[in-house]
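The values are calculated or read from the model by the stated rules, or taken from the named source; none is laboratory data. What you are looking at is a predicted structure, and each value in this text was computed from that prediction instead of being measured. Cβ coordinates were reconstructed from backbone atoms using ideal geometry, including for glycine residues, and neighbour counts include every protein chain displayed. Ligands, DNA and RNA are excluded from the accessible area calculation, which covers all protein heavy atoms including side chains. Shrake-Rupley method; radii C 1.70, N 1.55, O 1.52, S 1.80 Å.
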Amino acid sequence: MNQFRFSRRPDIGDKIRVSFEFFPPKTDEMEARLWDTVTRLEPLKPNFVSVTYGAGGSTRERTARTVKRILTETSLTPAAHMTCVDAARHEVDEVIQEFADMGVTRFVALRGDPAEGVGAAYRPHPGGYANGAELVGALKGVGDFDISVSAYPEKHPESPDFATDIDMLKRKVDNGATRAITQFFFDNDLYERYVERARRAGIYIPIVPGILPVHNFTQVANFSARCGALVPAWLAERFDGLQKDPQTHALVAAAVAAEQVLDLVERGVGDFHFYTMNRADLAFAICHMIGIRSHEAEAAGSAAA
Ligand code: FAD
């Protein structure tokens, strides 16, 4: 192992930008955990933080409430996720307007999955937007928003081939998408190949890797199987036997994610989106390793020295 790859390079942090993804909490306890997480990550000055939208629009109010609280109580810039599942165009347009009136300027535009869950057959609402690309068009019709869309380094499970998948990404870009955020992946070569494919197709927006710190390997493996993301054998091997040992699991998860992010930095990637699962520790530790630090923590460190 090259120890220098894992040492702090002061020049790196200045060039790297991160964003954090949260989901809207369901209970008071989850709400408290989310706000602890937001408070801990806020000093890292992320480019933006995003708040997901539940399957079938099921979290509309909770997403709006969370986004509003971020806008009014923090210095962070929120991006509201939106989907077009089970909704007529006028209903989606109302949600866009509601967010715009609140002062939201960033969106993550998605088709979404059916309410029955990932893997169930998707049927567009007869009077609705059919996919992510049409939703991007609807957003652009309301305002000059910063719009992120999804991208799938291993292709979306419903795409018959990479050409179809990349074609959908191209349609989103043509309609005004500003950046793509990828589905999580564990093999950086797959990401690099996907970016090359996109560039060859004339797609030049940033394709930001979505990094999933593995808080619970069993859950991640189950979810990966449903959304078509490969779990390499070496990854399963690293977490083997750690289900009842949360402390070692967390240490291994930090090491795995840091290794992945540092390798992407070596490959020239400068933007990262973290799927935080509303937990701060792993994202915070990885940011620390790539030189993204809170100025308060740095000041406290030098005062103590
Ligand atoms: P699209 O980009 O519109 O389509 C995905 C693929 O499906 C396309 O490549 C295309 O080939 C194929 N396809 C699309 N429409 C059709 C059609 N009519 N017929 C045939 N093939 C078609 N889900 C949520 O519910 N809430 C969220 O907040 C959320 N956030 C996400 C954030 C990120 C960064 C990512 C990567 C995913 C997120 N998802 C979320 C999951 C996402 O909704 C699912 O992956 C969904 O299955 C596809 O949505 P999309 O916008 O990627 O779809």
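The accessible surface of the range 35-139, taken with every protein chain in place and a 1.4 Å probe, is 48 percent carbon and sulfur.
About its Cα centre, the dipole of the chain is roughly 340 debye, where the only charges are +1 on Lys and Arg Cβ and -1 on Asp and Glu Cβ. In degrees from 0 to 90, rounded to the nearest 10, what is the angle of the helix 132-142 Cα long axis to the longest principal axis of the chain? Helix 132-142 sits roughly 80 degrees off the main axis of the chain. Distant-in-sequence amide contacts of residue 211, defined by a placed amide H-H separation under 5 Å and a gap of 5 or more residues or a different chain, comprise 273, 274, 275. The long axis of helix 188-200 is offset from the longest Cα principal axis of the chain by roughly 40 degrees.
Cα extents for the range 9-111 along the principal axes, largest to smallest and rounded to whole angstrom: 50, 31, 23.
Below 8 Å, C-alpha to C-alpha, sequence gap of six or more: please give me the relative contact order for the range 12-304 in percent.
Details: 472 pairs, mean separation 62.2, N = 293.
Relative contact order here is 21 percent.
Each residue, residue 248 and residue 15, gets one label point 7 Å from its Cα in the Cβ direction; the gap between the two is 3.7 nm.
Quick one: if you take sqrt(5λ) for each eigenvalue of the C-alpha gyration tensor of the range 131-254, what semi-axes come out, biggest first, whole angstrom?
Numbers: eigenvalues 202, 48, 30 Å².
The equivalent ellipsoid of the range 131-254 has semi-axes of 32, 15, 12 Å.
Rounded to the nearest 500, what is the chain's calculated 222 nm mean residue ellipticity when only DSSP H runs of at least 4 contribute -39500 (n - 2.57) each, over all residues?
Working: 12 runs with 143 residues, N = 305.
Helix contribution divided over all residues of the chain: -14500 deg cm²/dmol.
Taking every C-alpha pair closer than 8 Å and separated by at least 6 residues, the mean separation divided by the residue count of the range 202-269 gives a relative contact order of 39 percent. Number of Lys-Lys pairs in the range 12-304 with C-alpha atoms under 30 Å apart and a separation of 8 or more places or on different chains: 19. Binning at 5 angstrom from zero up to the longest distance, how are the C-alpha pair distances of the range 82-146 distributed in percent? So the P(r) values, bin by bin, are 4, 19, 30, 24, 14, 8, 3.
If we count trypsin sites (Lys or Arg not before Pro) as exposed when they sit in a DSSP loop and have at most 15 other beta carbons within 10 Å, what is the longest stretch of the chain that avoids them all? Walk me through the numbers on the way to the answer.
Details: sites that count: 8, 26, 244, 267.
Longest stretch, sites excluded: 27-243.
Under 5 Å from the amide H of residue 50 lie the amide H atoms of 20, 21, 22, 79, each residue being 5 or more positions distant or on a separate chain, with H modelled from the backbone and absent for Pro and chain starts. For residue 150, enumerate residues with amide H under 5 Å from its amide H, sequence gap 5+ or separate chain, H modeled in the peptide plane. Here 181 satisfy the definition. Relative to the longest principal axis of the Cα atoms of the chain, helix 89-102 runs at roughly 50 degrees.
Using only Cα atoms, what Kirkwood radius does the chain have, in angstroms?
Values: mean 1/r = 0.0498 Å⁻¹.
Evaluated over the chain, this radius sits at 20.1 Å.
With all protein chains kept in place, the per residue accessible area of the range 12-304 amounts to 46 square angstrom at a probe of 1.4 angstrom.
Available extension along the chain between residue 36 and residue 233 is 67.5 nm, counting 0.36 nm per residue and deducting the alpha carbon span.
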